[in-house]
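Accompanying notes for the structure given below.
The values are calculated or read from the model by the stated rules, or taken from the named source; none is laboratory data. Nothing here was measured: the structure is a model prediction, and the numbers come from that model. Cβ placement follows ideal geometry from the backbone for every residue including glycine, while neighbour counts extend to all protein chains displayed.
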Amino acid sequence: MSETTNNGKPKVAFFDFACCEGCQLTVVDSLQTHLDLLDAVEIVQFREAMTEKGEDYQIAFIEGSCTRQSDEARLKKIRAQADLVVALGACAHLGGVNALKNLHPLEDVRQWVYGDKADWYETYEARPIDAVIKVDAVIPGCPIDREEFVRVVKAVLLGKKPPVPDYPVCVECKLKENVCLFHIGKFCLGPVTRAGCDAICPTYGDGCEGCRGLISHPNENAMKDVLAEAGLTVEDVLSRFTMFNTYQVKDRMVGEKGE
Amino acid sequence: MNINVHHVTRVEGHGNIVVDTKNGEIKECRFEVVEAPRFFEAFVRGRPYYELSHITSRICGICSVGHATASLRATEKALGVEPSEQTVLLRKLNFHGEMIDSHVLHTYYLVAPDFLGVGSVIPLAATHRPVVERALKIKKLSGDLCALIGGRHTHPCAMAVGGFTHLPTEAELRDMRARFVDARTDMDETVALFATLPWPEFERETEYVSLKKDDEYAYIDGTVVTSDGFSYPIEDYRKVTNEECVSFSTAKWTHHNRDSYMVGALARLNNNFDQLHPRAMEAAAKLGLKPIVTNPFLNSAAQVVEMVHCIEDGIEIIDELLTRGVQPEEPPAVDLKAGEGAGSCDVPRGILFHNYVYDEGGRCVSANCIIPTNQNMANLNADMKELVPQIMDKPQDEIRLMLEMLVRAYDPCISCSAHFLTVEFV
């Protein structure tokens, strides 16, 4: 990048915290069909794909959850530098699968994996990055959708609000003319989960697992009724919510379990 | 004098190199993993059996098919579920997709820039356009294959206990076959390109660990073998891995017959060379690989050989599927029972183990996952200790680059477990 004249292109940096890096890999894969993205921005830091490392950037994409007290300072430093912070994927957006550990006592979790060496390894309750810093835009999903990433980047570059849907996955699933999974005895969180994935899991015969988070006004009670009609226990329902949304539903869960 | 480089770049995950030398001697030389631990083994406890492969695929964004496959095999063995022949064929094909995807990412995007004197693949888009376009084409092919079989390129959604919740059509498989045949030219050019690269000269023999099968180059199931002559059923994986915690790394270290062992493409090639597709053997000859290969830098060359193998074997698998005809199968019903199972796959970075215990309600009560990068940590450190004295008279920038290249040769995927690359000269 260093030999490229900048021409006022926005400088972009990618960062990762606790995650599988699948969203950054999806960003790399988006170049298969959108190699011209490299003409629109200057990437100054992307540890996974390049050696160069610039600290002068305007847009920061952050993948991964915050899982350690010591991560907070790094997040705040990124926030102080960037004009715009974009949460990349479910771990940064929701806490994602990392937050499953919040369902267990932290000390138990550390000892389970590291035994009597547990004290060597710092961790605290996994959380989305907006629990620590202000986030300006979100690209949901586990992993992110390639095309949505390109759409959001285009919007951000044009100074527009990123077009992330706020209606349920069911809308996209109907448009694809899929048979409703509830009708064939499977279960699915599509009725309450944010669309934008083109209903990929239901389309491939697998119930939605809620990786894009709940829509702003989900009809959760109706959802629970639907699941109950399908013969599922409250535990099954809660289990489905928690795979990606433990940080969001944990408190309510504890209450409901106690009833 | 101190030189600090934070974050090993162009690897998936995080690591530190700490080389502390005094009077030409190494005081300290180690590869650290300090990435935030994620505790998968602890938090899958209590989850229902059908979620395990979906949760554990999230251990790694590049090996998600491998994790899902090993996870499903562990669950299937625990619950007594036998996948159909069609499922076995489709899983192999899906696995080949991920193998090619990961290897093209590593060889073209992460390793090739070292030899072309640039810091990333990005400037190559301007200076070596045809090379980059070829890499993007192969990567798209492999990703499209994973999406066709698994439903999604990263984190497959159609893979289930016992089978698939969605099947490719024969027309889609025929189209994929044509693209695989077309990719032979791209593979020939890839072999020719990597055959010209000046691989660093460095030899250190070690114990090589991989899966082995009687009838094929093993990636899924089989027995665990080592180049020191040991063989174990998958259930006895702990006899090979012997995990231990080390204070400077969140990745646990492993050792078997010696202080360390190596897993990955080079280990597989060393242990199973005769089972490579003949075209892959030709590629190995052109790349100068003849077992036993003891230069760890050549792990990347072994990956090129495996890409050729996976393209050729992929064509044969598709042919078999088309001859049999794609049968409209649903995953079999599962009779819940308490049980334990261990699954193993040889994923792009090496042998991987998942081991679960389920209660009678099909909920996970105990889990153990041992990933390839952890198993390579001790061996990488041993290589560094032997390499550093050999290159001590070189300029510090060259030493740093050689060490970074050595780390990258192992293709460490530290997100699986694990932030600084610190090369410190005292």
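Quick check: anything in the stretch A:91-106 farther than 17 Å from A:PRO140 by Cβ and surrounded by 21 or more Cβ atoms within 10 Å (Cβ to Cβ)? Walk me through it before giving the result.
Applying the first criterion (farther than 17 Å from A:PRO140 by Cβ) to the stretch A:91-106 yields A:100-106.
Checking the rest, the ones that are also surrounded by 21 or more Cβ atoms within 10 Å (Cβ to Cβ) come to A:100-101.
Yes, there is a match, as at least one residue in the stretch A:91-106 is farther than 17 Å from A:PRO140 by Cβ and surrounded by 21 or more Cβ atoms within 10 Å (Cβ to Cβ).
Just checking: which of the strands (runs of 3 or more DSSP E) contained wholly in the stretch B:204-276 hold 1 or more residues that are surrounded by fewer than 21 Cβ atoms within 10 Å (Cβ to Cβ)?
It comes to B:207-212, B:223-226, B:231-233, B:244-246.
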So which of A:VAL156, A:VAL164 is more than 16 Å from the chain's Cα centre (by Cα) and either more than 16 Å from A:ALA87 (Cα to Cα) or of a type in the set (A, V, I, L, M) (or both)? A:VAL156
Here is a list of conditions, (1) closer than 30 Å to B:ARG174 by Cα; (2) more than 8 Å from chain A (Cβ to nearest Cβ); (3) not in a helix (DSSP H, G or I), and B:VAL118 meets all of them except one; can you say which number that is? (1)
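Residues checked against (1) assigned to a helix (DSSP H, G or I); (2) surrounded by fewer than 17 Cβ atoms within 10 Å (Cβ to Cβ):
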residue	(1), (2)
B:LYS337	no, yes
B:GLY341	no, no
B:CYS369	no, no
B:GLN375	yes, no
B:ALA378	yes, no
B:GLU386	yes, yes
So is B:HIS155 closer than 23 Å to B:VAL347 by Cβ and part of a loop (DSSP other than H, G, I, E, B) or not? yes
Could you grab me the full set of residues in the stretch A:184-237 that are within 11 Å of chain B (Cβ to nearest Cβ) and among the acidic types (Asp, Glu)? A:ASP198, A:ASP206, A:GLU209, A:GLU235, A:ASP236
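Quick one: count up the residues across the stretch B:77-92 that are over 23 Å from B:GLY325 (Cβ atoms) and in a helix (DSSP H, G or I). Spell out how you get there, then give the answer.
Start the filter on the stretch B:77-92 by keeping residues that are over 23 Å from B:GLY325 (Cβ atoms), which leaves B:77-81.
Then keep just the ones that are in a helix (DSSP H, G or I); that gives B:77-79.
Here the count works out to 3.
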Among the residues of the stretch B:277-303, what is the count of those that are surrounded by fewer than 17 Cβ atoms within 10 Å (Cβ to Cβ) and under 20 Å from the mean Cα position of the chain (by Cα)? 3
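Could you list, in sequence order, all residues of the stretch A:46-64 that are within 13 Å of chain B (Cβ to nearest Cβ) and surrounded by fewer than 22 Cβ atoms within 10 Å (Cβ to Cβ)? Before you say what the answer is, go through the steps one by one.
Kept after step one, since they are within 13 Å of chain B (Cβ to nearest Cβ), are these residues of the stretch A:46-64: A:46-55, A:63-64.
Selection gives A:THR51, A:GLU52, A:LYS53, A:GLY54, A:GLU55.
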If you take the residues in the stretch A:224-259 that are at pLDDT below 70 and not in a helix (DSSP H, G or I), which one is farthest from the chain's Cα centre (by Cα)? A:GLU259
Out of the residues in the stretch A:22-61 that are at pLDDT 90 or above and assigned to a loop (DSSP other than H, G, I, E, B), state the one that is farthest from the chain's Cα centre (by Cα). A:ASP56
Of all residues in the stretch A:119-137 being of a type outside the set (Val, Ile, Thr) and within 9 Å of chain B (Cβ to nearest Cβ), the one that is farthest from A:LEU25 (Cα to Cα): A:TRP120
Give me a count of the residues in the stretch B:45-66 that are β-branched (Val, Ile, Thr) and closer than 22 Å to B:GLY362 by Cα. 3
Taking B:THR169 as the residue in question, decide whether it is within 20 Å of the chain's Cα centre (by Cα) and more than 20 Å from B:TYR410 (Cα to Cα). no
Enumeration of residues in the stretch A:65-90 that are touching a Lys or Arg at 6+ places or on another chain (Cβ under 9 Å) and crowded, with 21+ Cβ neighbours inside 10 Å: A:SER65, A:CYS66, A:THR67, A:VAL85, A:ALA90
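Does B:ILE26 count as modelled with pLDDT under 90 and of a type in the set (A, V, I, L, M, F, W, C)? Show your work before the answer.
Working: modelled with pLDDT under 90: yes; of a type in the set (A, V, I, L, M, F, W, C): yes.
So B:ILE26 passes the test.
Inspect the stretch B:269-288 for any residue being touching a Ser or Thr at 6+ places or on another chain (Cβ under 7 Å) and within 14 Å of chain A (Cβ to nearest Cβ) and give the result as yes or no. I'd like the intermediate steps shown before the answer.
As a first pass, look at the stretch B:269-288 and keep what is touching a Ser or Thr at 6+ places or on another chain (Cβ under 7 Å): B:270-272.
Filter once more, keeping what is within 14 Å of chain A (Cβ to nearest Cβ): none.
Checked against the condition, which is being touching a Ser or Thr at 6+ places or on another chain (Cβ under 7 Å) and within 14 Å of chain A (Cβ to nearest Cβ), the stretch B:269-288 yields no hits at all.
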Cβ pairs under 6 Å, 6+ apart or interchain, first in the stretch B:133-153 and farther than 11 Å from B:GLY97 by Cβ, second at pLDDT 95 or above and not in a helix (DSSP H, G or I), ordered by first then second residue, are B:GLY151/A:TYR204; B:GLY151/B:CYS157; B:GLY151/B:ALA158; B:GLY151/B:HIS166
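Of everything in the stretch B:133-149, what is buried (at least 21 other Cβ atoms within 10 Å of the Cβ) and either at the interface with another protein chain (Cβ under 8 Å from one of its Cβ atoms) or of a type in the set (D, E, K, R) (or both)? Give them in sequence order.
Filtering the stretch B:133-149 for residues buried (at least 21 other Cβ atoms within 10 Å of the Cβ) gives B:135-136, B:138-139, B:141-143, B:145-146, B:148-149.
Across the stretch B:133-149, the qualifying residues are B:LEU136, B:LYS139, B:GLY143.
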